[in-house]
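Read through the structure below, which is laid out as structure tokens, and then see the notes.
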């Protein structure tokens, strides 16, 4: 997976329940900006509307060499999924406390793909517990490495 941009904060703030790969409808200048890596999805989210799914607040910077037909940076963009996947996402999204967030934009066979996650917000104590388990894992790895070097 050749990532263009990752939403690193998403896994910290949300518990990801399920992921879906979606295509995205883009204009030519948007693709050129993505090739230059000029995108940000930290505040982006997706929403199902009338059997279609759209990505909101994804900032794709204007292409520097674009002309008057340059794209709008925070435009609403349509995502491409199968109808059954959209219906499943609609059912998951309507559950209380769930939202659809983009986890990554990446290239796959020359096309831009979006990894959409069905997410549930974490409480403060969930975040603390995650940090604690990560720290314990890190310490365990250090001690194993230290023992191996001693031999």
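At what distance in nm do the modelled label points of residue 43 and residue 19 sit from each other, each positioned 7 Å from its Cα along Cα→Cβ?
2.5
Taking neighbour Cβ counts within 10 Å as the exposure measure, how do 41, 24 sort from fewest upward?
24, 41
Going by alpha carbons, how many degrees (0 to 90, nearest 10) lie between the helix axis of 124-150 and the longest principal axis of the chain?
Compared with the principal axis, the helix lies near 60 degrees.
Hey, rough spin-label estimate for residue 130 and residue 36, points 7 angstrom out along Cα→Cβ, what's it come to in nanometres?
Computed distance between label sites residue 130 and residue 36 equals 3.3 nm.
Relative contact order of the range 67-151, please, whole-number percent, based on alpha carbon pairs below 8 angstrom and at least 6 residues apart.
RCO, the range 67-151: 18 percent.
If each of residue 85 and residue 111 carries a label point 7 Å out from its Cα toward its Cβ, how far apart are those two points in nm?
Distance between label points: 0.9 nm.
Quick one: order 146, 98 by neighbouring beta-carbon count within 10 Å, fewest to most.
Least to most surrounded, the residues fall as 146, 98.
Give me the extension gain from residue 149 to residue 72: residue separation times 0.36 nm, minus the current Cα-Cα distance, reported in nm with one decimal.
Value of the extension gain: 22.2 nm.
For the chain, what does the helix formula give at 222 nm: sum of -39500 (n - 2.57) over DSSP H segments with n ≥ 4, over the residue count, nearest 500 deg cm²/dmol?
Calculated at 222 nm, the ellipticity per residue is -11000 deg cm²/dmol.
For Cα Rg over 2.2 N^0.38 Å, the choices are [x] 1.27; [y] 0.97; [z] 1.21; which was calculated from the structure?
Checking each listed value against the structure points to [x].
Any idea what the relative contact order of the chain is, in percent, if you count C-alpha pairs under 8 Å spaced at least 6 apart?
Computed over the chain, the figure is 31 percent.
Read the figures in this text as sums done on the coordinates, not as results from a lab. A quick note: this is a predicted structure, and the numbers were derived from the prediction, not measured. Every residue, glycine among them, receives a Cβ derived from its backbone with ideal geometry; neighbour counts consider all protein chains shown.
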